[in-house]
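**Student:** My structure is below; once you've seen it, I'll send some questions.
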Amino acid sequence: MNSEKSLINLVKKGDKKAYEVLVLQYQDRLVFSVYKFLKDYELAQDIAQEAFVKAFKNIEKFRGDSSFYTWIYRIAINTAKNFLSSKSRKSEIYDDEIMELKLSESAVTSENPENILEAEELRSLMMDAIQGLPDDIRTTLSLREFDGLSYEEIAEVQNCPIGTVRSRIHKGREILDKTFSKYNMSNLETNLI
Amino acid sequence: MSKLFEQKLSLLMDGEITPFETKRLVDEIHSNSHLRSLWLRMNKHKAAMHGELLDQNLDLSKKIISQINKSTQNTKTLKTWPKFNFLSPTYMKACCYLIGFFFILSLPLLNLPSPSSSVSSKQNLLSLNNEALLLDLGANFNGNLKDYRITSSSSMEANYFIPGDEKSVRLKVFFDRIPEQEWLGTINNGVTVHTKSGSTPLILNLSSENLPNQRLIKISNTFLEKNK
């Protein structure tokens, strides 16, 4: 079964709801990848957004040789490269002083450590939450998330029915959602204080 | 029911769902805000697990879909050329028609001795024929021909002055499948306007800037009566 392929087929028929599901699935990952390339969070969002629009318009060209994410990642990185080259072409016409100002405005050359710290913080929080899961659930979820095994393969490895794998993974995600919801609430309270 | 869909979201995330269920789930995510929010969070958790989550509140989907909607509307207004498959039967058929059409048009020219004299003499002949034809048509309703022009390969337009009314009337004449050089000969038997049915003559369009419709109908009937 390939749900992604089904989603893509729906999008090819013009189903925007299916495309929204894909956007929700990949937006964070794509923004992060573009951010690593540009080191500008706002710009990374704009480029990712443009890439998603371009991908929708050209979805007929997606043949499914690679995953959708690999395809859209290439679109996003090309869009980012085009942006940078057009930016550098424009900056050639400015005099030195203006160019210096422009370069300092753009975060292309500067790191934005706050975002990376947040990503690291969230990751460690998530890893703690995974560690807190019951053993069988943790192992099943890890095999899926970090080793990329299919449900069938996990069932074989763990010597259990595929239905058990399904319910364990779902249960694990449910617990993580609750843990994260608590984190969001406490984060919100801290911000309010 | 909701629990069942929640479990299906987990399956969708791992690509373990059938195409039929995918469609149903997509519709459900779209219509059920709780499910949509859960799908968003689940993907954020996944991104966080891999250290790829920068902002928990990021959601570009609304902006993206609205941008797509805008661009779709814009492209709808632009006319695009259809994609031609040059080997398709439709294309080949169109080519055959065009070749045949141009061949038929070129036939009268092939009968004439020299191209230069043939064109000018033909133009004179046609011009004479047209004028004679339109004078004859005008005579049917006592109109005086003011001017005329050929509007297409099978139609003409003429302006008549009607003495009694001191007004002008415009007559459009359509010739169905009759070569131009035969127009004059045909009007000897009546009005040379043919309809789709073939036999009954009919004035397809009669218009005037000043004459009322009733008057136009009368003129039209004059033609029809003459040809009965």
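**Student:** Any chance segment A:38-53 includes a residue that's over 23 Å from B:LYS44 (Cβ atoms), surrounded by fewer than 22 Cβ atoms within 10 Å (Cβ to Cβ) and away from every other protein chain (no Cβ under 11 Å)?
**Tutor:** Looking for residues that are over 23 Å from B:LYS44 (Cβ atoms), surrounded by fewer than 22 Cβ atoms within 10 Å (Cβ to Cβ) and away from every other protein chain (no Cβ under 11 Å), one finds none in segment A:38-53, hence no.
**Student:** Kindly list the number of the only condition in (1) facing chain B (nearest Cβ under 10 Å); (2) crowded, with 22+ Cβ neighbours inside 10 Å; (3) in contact (Cβ under 8 Å) with a residue 12 or more places away in the chain; (4) in contact with an Asp or Glu (Cβ under 9 Å, 6 or more places away or on another chain) that fails for A:ALA76.
**Tutor:** (1)
Residues checked against (1) more than 24 Å from A:VAL31 (Cβ to Cβ); (2) more than 7 Å from every other protein chain (Cβ to nearest Cβ); (3) not in a loop (DSSP other than H, G, I, E, B):
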| residue | (1), (2), (3) |
| --- | --- |
| B:LEU4 | yes, yes, yes |
| B:GLU16 | yes, no, no |
| B:LYS23 | yes, no, yes |
| B:GLU28 | yes, yes, yes |
| B:LEU40 | no, no, yes |
| B:LEU53 | no, no, no |
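**Student:** If you don't mind, another one. Taking the conditions exactly as written (surrounded by fewer than 17 Cβ atoms within 10 Å (Cβ to Cβ), more than 7 Å from chain A (Cβ to nearest Cβ) and at pLDDT 80 or above), does B:ASN74 satisfy them or not? Walk me through how you get there before you give the answer.
**Tutor:** On the way: surrounded by fewer than 17 Cβ atoms within 10 Å (Cβ to Cβ): yes; more than 7 Å from chain A (Cβ to nearest Cβ): yes; at pLDDT 80 or above: no.
Considered against the rule, which asks whether it is surrounded by fewer than 17 Cβ atoms within 10 Å (Cβ to Cβ), more than 7 Å from chain A (Cβ to nearest Cβ) and at pLDDT 80 or above, B:ASN74 comes out as no.
**Student:** Give the residue that is nearest to the other protein chains (Cβ to nearest Cβ), with candidates limited to residues of segment A:137-160 that are of a type in the set (S, T, N, Q) and surrounded by 14 or more Cβ atoms within 10 Å (Cβ to Cβ).
**Tutor:** Step one: filter segment A:137-160 for residues of a type in the set (S, T, N, Q), giving A:139-140, A:142, A:150, A:158-159.
Of the ones still in play, those that are also surrounded by 14 or more Cβ atoms within 10 Å (Cβ to Cβ) are A:139-140, A:142, A:150, A:158.
On the way: A:THR139: 15, A:THR140: 11, A:SER142: 10, A:SER150: 8, A:GLN158: 15 Å.
So the residue we want is A:SER150.
**Student:** Additional query: What number of residues within segment A:161-177 satisfy the criterion of being at the interface with another protein chain (Cβ under 10 Å from one of its Cβ atoms) and among the small types (Gly, Ala, Ser)?
**Tutor:** Going through segment A:161-177 one residue at a time, the tally reaches 2.
The values are calculated or read from the model by the stated rules, or taken from the named source; none is laboratory data. Remember, predicted model here, so these are calculated numbers, not experimental data. Glycine gets a Cβ as well: all are built from the backbone with ideal geometry, and neighbour counts include every protein chain shown.
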